[in-house]
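Worksheet: one structure, shown below.
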Amino acid sequence: MGRSLARKFVERGDSVAVLGRDLEELQKSQADLQARGSPGVRVVSVKCDLEAPETFRASLEQAEQGLEGLDTVVVTAGLFATQEKLEQDPALAHKVLTVDFANTVVFCEEARKKLLLHGKGTLCVFSSVAGDRARKPVVLYGAAKAGLSAYLEGLDHKYRAQGLTTICVKPGFVKTAMTAGLPVPPFAGDPDEVAQIVIEGIDAGTPVVYAPRIWQAVMTAIKAMPRFVMRRAKF
Amino acid sequence: MTQRNPISGWGRQFVEGEELQPETLEGAPAVLFRGLGRSYGDSSLPAASSPTVVTTTRANRIIAFDPATGVLRAESGFSLADMNRTFLPRGWFTPVTPGTAYVTLGGMVAADVHGKNHHVDGCFGSHVRRLKMRVADGRILECGPDLERELFLATVGGMGLTGQILEVEFGLRRIPTPWIWQESEKVSDIDEYIAKLKEAAPRWPMTVGWIDCLAKGANMGRGFLMKGRWAQAHEAPARFPRELPHFTFPFTAPEVMLSQPAVKAFNFALYASHFQKKKVGLVDPFRFFYPLDLIHDWNRMYGKRGFTQYQCVLPDSAGQGAARRFLEVLTKRGGASFLCVIKDCGPESPAYLSFPRSGISIALDIAVRNDTQELVDALNEHVLGEGGRIYLAKDHFTRPEHFRAMETRLPAFQAVRDRWDPHHTFKSAQSVRLFGD
C-alpha cells in the first residue's frame with residue numbers, strides 16, 4: 001500500500017521519505033521511486049520499526065532533514081493476523097494490539113509535534129473498516145483499529161484549527177501482501193485504486209476516507225445493524 | 001493458509017493450484033514463476049505434481065534507469081503497461097513489444113516475445129543485457145549474452161523452466177515522438193497480402209495485418225495490412241496522446257456468438273469497415289500496439305469453454321503459396337476465428353526455443369470445442385510438412401510427438417536445462433505435457 005502511494009506522490013512531483021524496517025529493501029524502493037519520479041524529486045530512505053517506539057523521533061527527524069522539511073506524514077504500516085491465530089497465540093495478539101494501536105499512536109504523537117511546529121501539515125493514517133463495528137472475524141484487530149480511529153478523530157477535532165489536518169483512512173479489503181491467502185470478499189480493492197482515493201482525500205483534507213468508496217455504504221449498513229443481528233452474523 | 005484456486009492462462013483453461021504473490025522474489029519457494037498470465041495455454045500453469053506457482057507481479061520495482069543510455073533494470077514483475085506509463089512520456093519505448101501491454105518483463109523474456117518489428121529488430125531477448133536469476137540449486141547469479149551464455153540462451157524463450165528470473169536489464173529506445181505514422185491498406189486475397197507484406201519489409205519497421213480466414217475461393221485471405229513507424233516531430237502534434245477509456249467485457253459470452261455465421265458476419269463487417277483502399281495518418285501508440293487492451297477481459301468473449309490461439313511460423317523454405325495452403329487446410333475444416341493475424345518474421349534468434357524464424361507467422365484464435373484437438377492436430381501435421389513450428393506461449397493442445405518433430409533444437413535446450421536443473425524443479429503443466437517432466 002505504501003509503495004502505491006509513494007509512487008503516486010513522486011510521479012506528481014512530491015519529494016518522499018520512505019520509512020521501514022529493512023534498510024536494503026528500502027534502498028531498492030528508493031531507487032524505484034527515484035526512477036519513477038518527476039525531475040527534481042528527492043527520495044530518501046530511513047530505517048524505522050513500528051515495534052520500536054524509542055526510534056520514532058530520530059527517524060522522523062532524519063526524514064525531515066533528508067527532505068528539508070515535512071508537510072505530510074502517511075502511516076500505512078500495521079500488522080494483521082486472523083482472529084483464529086490471535087486467539088491461539090497471546091504473544092502475537094499482544095504484538096498486534098501494541099503495534100496497531102499503542103505504537104502507531106505514539107508515532108502519530110511524534111509526527112503531530114513535528115507538523116505543528118511548522119504550523120501546518122497533514123497526518124494521514126491507515127486505520128480500517130474493521131474498527132467501525134465489532135465483528136466476529138476481527139475481534140482483536142478490530143479493537144485496535146477502533147481505538148486508533150477514535151484517537152485520530154480526537155486529534156482532528158483538537159488540532160485542525162491550529163493547522164494540523166488529520167485523515168483517518170478506512171480501507172476495506174485491499175488485495176495486498178497483508179491479505180494474501182485470505183478469501184477475497186466482494187468489493188475488494190487494489191492498491192493503486194485505494195492510493196488514488198487516499199491522495200484525493202489528503203488534498204481535500206477529508207477527515208475520514210473510505211477506500212474503495214463503496215465501503216462507506218457497506219459500513220453504514222453494518223453499523224446500523226442491531227446487536228442481535230451482529231451476534232448471529234458470520235462476517 | 002493459502003488455498004487452491006482455479007488458475008488459467010489467457011485462454012481460460014483452468015487448473016487447480018496455489019498461487020503465491022510475494023513482494024520480493026529472492027525468498028520465494030523454488031517453483032515455477034508466472035507473470036500476468038497472458039500466455040494463452042498452459043505454459044504458466046502449475047504441473048499437477050507441483051501445484052504451487054509464484055506470481056511475480058508485486059515485485060515490480062525499477063532497480064535502475066540511466067537516462068543517458070536508456071538502460072533499464074527492473075524486477076521481473078514490472079509490467080509493460082507500467083513501463084509505458086512511466087517512460088513513454090519521457091520519450092522512451094521498449095525495443096520490442098507484444099500485442100498487449102499487460103505482460104511482465106519476466107514473461108517477455110520467458111516467451112521471448114516478438115512484435116510487429118520482428119523483421120527488423122528480432123525478439124525481446126536479443127535486447128536483453130543481463131538477467132538476474134535464481135537457479136535450481138539455490139544460487140543467485142547473473143547471466144547475459146556474454147556471461148553464462150548457455151543459461152541465458154536457454155532462459156530466453158525457455159518458459160521459466162531453467163530457473164527463476166528475478167531481474168531483467170535491457171535498453172529502452174529513444175523515440176522521436178509518442179505518435180505512430182500509419183499506412184493501412186486493403187488487400188483482396190492472400191497472395192496479394194503476402195506480396196505486400198514482404199514488399200513493405202525493407203521500408204517499414206513495423207508491419208502487421210488482419211485477414212478474414214473464413215472467406216473462401218477468390219476472396220481467401222482478404223483483409224488489411226498495417227504499416228507503421230514512429231512519427232517525426234514535424235508530423236506529430238506536440239501533445240501526448242490520450243489513452244482511450246478502457247471498458248470491461250461484461251459477461252462470459254454464450255456459444256451462439258461464436259457460431260460460424262456470427263463470426264462470418266463479424267469478419268465481413270470488419271473487412272467492409274475499411275472501405276478506402278488506403279488510409280494514412282497518425283495514430284496513438286496504444287491503439288497501434290495494443291488495440292485489444294482497450295477491452296479488459298476480452299477473453300470472456302470466447303465463452304465458458306475458453307479458447308486457444310494457434311500460432312505457427314511458416315519458413316521461407318516452404319516456398320510460394322505457403323500461407324494459401326495453410327488457409328486451405330483451415331477453411332476445409334471450418335475453423336471459425338475472429339482473429340487471424342499474419343506477420344513477417346526475420347532471422348531466427350540464437351536462443352534455443354525462441355519461436356520466430358525467417359518467414360511468416362500466422363496466428364488465429366480458436367474457441368475450444370469438441371473437435372479442437374483434431375483441428376490443432378491437423379494444422380500441426382500440415383505445419384510440420386512445411387518445415388514450420390508452433391509458439392509455446394500460445395499452445396495448449398499440441399501433442400509431444402508433433403512438438404518434438406517440429407523443434408529440432410529441443411535436445412540442445414534440454415541438455416542445458418538438465419545441467420542447471422537436473423531434477424526439473426521448475427516445471428509447468430506445459431512442460432509435463434510436451435517434454436514429459
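Just so it is clear, none of the values below were taken in a lab; they were calculated from the coordinates. Keep in mind the model is a prediction, meaning the values are calculated, not measured. Please note: Cβ atoms are built from the backbone with ideal geometry, for glycine as well, and neighbour counts cover all protein chains shown.
Less than 5 angstrom separates the built amide H of B:His296 from those of B:Phe247, B:Thr248, B:Phe249, all sequence-distant by 5 or more or on a different chain. Across the stretch B:180-399, the relative contact order, built from alpha-carbon pairs under 8 Å that are at least six residues apart, equals 25 percent.
What number, in percent, do you get for the relative contact order of chain A if the mean sequence gap of Cα pairs under 8 Å and at least 6 apart is divided by its residue count? 17 percent. Our coupling estimate for the stretch B:162-173, obtained by passing each phi through the Karplus curve with A = 6.51, B = -1.76, C = 1.60 and θ = phi - 60°, is 9, x, 9, 7, 9, 9, 10, 10, 7, x, 7, 10 Hz, Gly and Pro reported as x.
Taking every residue in A:26-33 and counting other chain Cβ atoms within 10 Å of its Cβ, the average works out to 3. Helical content alone sets the calculated 222 nm signal of chain A at -15000 deg cm²/dmol, taking -39,500 (n - 2.57) per DSSP H segment of four or more residues and averaging over every residue. The distance from the alpha carbon centre of the stretch B:181-209 to that of the stretch B:407-433 is 37 Å, rounded to a whole number. With the alpha-carbon atoms of the stretch B:180-399 aligned to their principal axes, the span from lowest to highest coordinate is 53, 44, 39 Å, starting with the largest. Considering every alpha-carbon pair of the stretch B:306-437, the percent of pairs per 10 Å bin, from zero through the bin containing the longest distance, is 12, 43, 32, 12, 1. Over chain B, Cα pairs under 8 Å with separation of 6+ residues give a relative contact order of 19 percent. Measuring from each cysteine beta-carbon in the protein assembly as shown, the ones with no other cysteine beta-carbon under 4.7 angstrom are A:Cys48, A:Cys108, A:Cys124, A:Cys168, B:Cys123, B:Cys143, B:Cys312, B:Cys345. With everything on Cα atoms, drop me the angle between helix A:2-11 and the longest principal axis of chain A, reported from 0 to 90° to the nearest 10. In chain A, helix A:2-11 runs at an angle near 40 degrees to the longest axis.
The trypsin sites (Lys or Arg not before Pro) of the stretch A:1-51 that meet both conditions, a loop assignment by DSSP and at most 13 other Cβ atoms within 10 Å of the site Cβ, are A:Arg12, A:Arg21.
How many angstrom separate the Cα center of the stretch B:85-110 from the Cα center of the stretch B:30-60? If we compute the Cα centre of each part, the gap is 20 Å.
Protection proxy ranking for B:245-253, A:189-197, A:60-68, using the average of other Cβ atoms within 10 Å per residue and placing the highest first: A:189-197, A:60-68, B:245-253. Centroid-to-centroid, using Cα positions, the stretch B:231-272 and the stretch A:55-106 are 48 Å apart. Ranked by the mean number of other Cβ atoms within 10 Å per residue, highest first, peptides A:111-119, B:218-226 order as B:218-226, A:111-119. By the rule of a C-alpha distance below 20 Å, with chain neighbours fewer than 8 residues away ignored, the lysines paired with A:Lys170 are A:Lys8, A:Lys136, A:Lys145, A:Lys223.
Overall shape of chain B was characterised from the C-alpha gyration tensor. The equivalent ellipsoid obtained from it has semi-axes of 32, 27, 21 Å, in decreasing order. Considering only Cα atoms, the convex hull volume of the stretch B:142-276 works out to 242 Å³ per residue. Rounded to the nearest whole Hz, the Karplus-based 3J(HN,Hα) values (6.51 cos²θ - 1.76 cosθ + 1.60, θ = phi - 60°) of the stretch B:121-138 follow the sequence 10, x, 8, 4, x, 6, 10, 7, 9, 8, 10, 9, 10, 10, 9, 4, 7, x, with x at glycine and proline.
Helix-only estimate, please: 222 nm mean residue ellipticity of chain B, summing -39500 (n - 2.57) across DSSP H runs of length 4 or more and dividing by its residues, to the nearest 500. Theoretical 222 nm ellipticity from helices: -7000 deg cm²/dmol. Compute the whole-percent fraction of alpha carbon pairs in chain A spaced more than 27 Å apart. When every Cα pair of chain A is considered, 33 percent fall beyond 27 Å.
Between amide H atoms placed 1.01 Å from N, distances below 5 Å from A:Ile167 occur with A:Leu123, A:Cys124, A:Val125, all of them 5 or more places distant or on a separate chain. Using the average count of surrounding beta-carbon atoms within 10 Å as a protection proxy, the listed peptides B:93-104, B:230-241, B:281-292 rank, highest first, as B:93-104, B:281-292, B:230-241.
Of B:Lys116/B:Lys394; B:Lys116/B:Lys304; B:Lys116/B:Lys196; B:Lys216/B:Lys264; B:Lys186/B:Lys264, which sit over 20 Å apart, Cα to Cα? Distance filter (> 20 Å) returns B:Lys116/B:Lys304. Seen against the Cα atoms of chain A and their longest principal axis, helix A:104-117 is set at about 40 degrees.
Relative to the dominant Cα principal axis of chain A, helix A:23-36 is inclined by about 70°. Note on the protein assembly as shown: Kirkwood hydrodynamic radius from all Cα pairs is 27.3 Å, rounded to one decimal. Inter-chain neighbour count for B:51-64: the average number of beta-carbon atoms from partner chains within 10 Å of each residue's beta-carbon is 3. By the rule of a C-alpha distance below 20 Å, with chain neighbours fewer than 8 residues away ignored, the aspartates and glutamates paired with A:Lys95 are A:Asp22, A:Asp49, A:Glu51, A:Glu54, A:Glu84, A:Glu87, A:Glu109.
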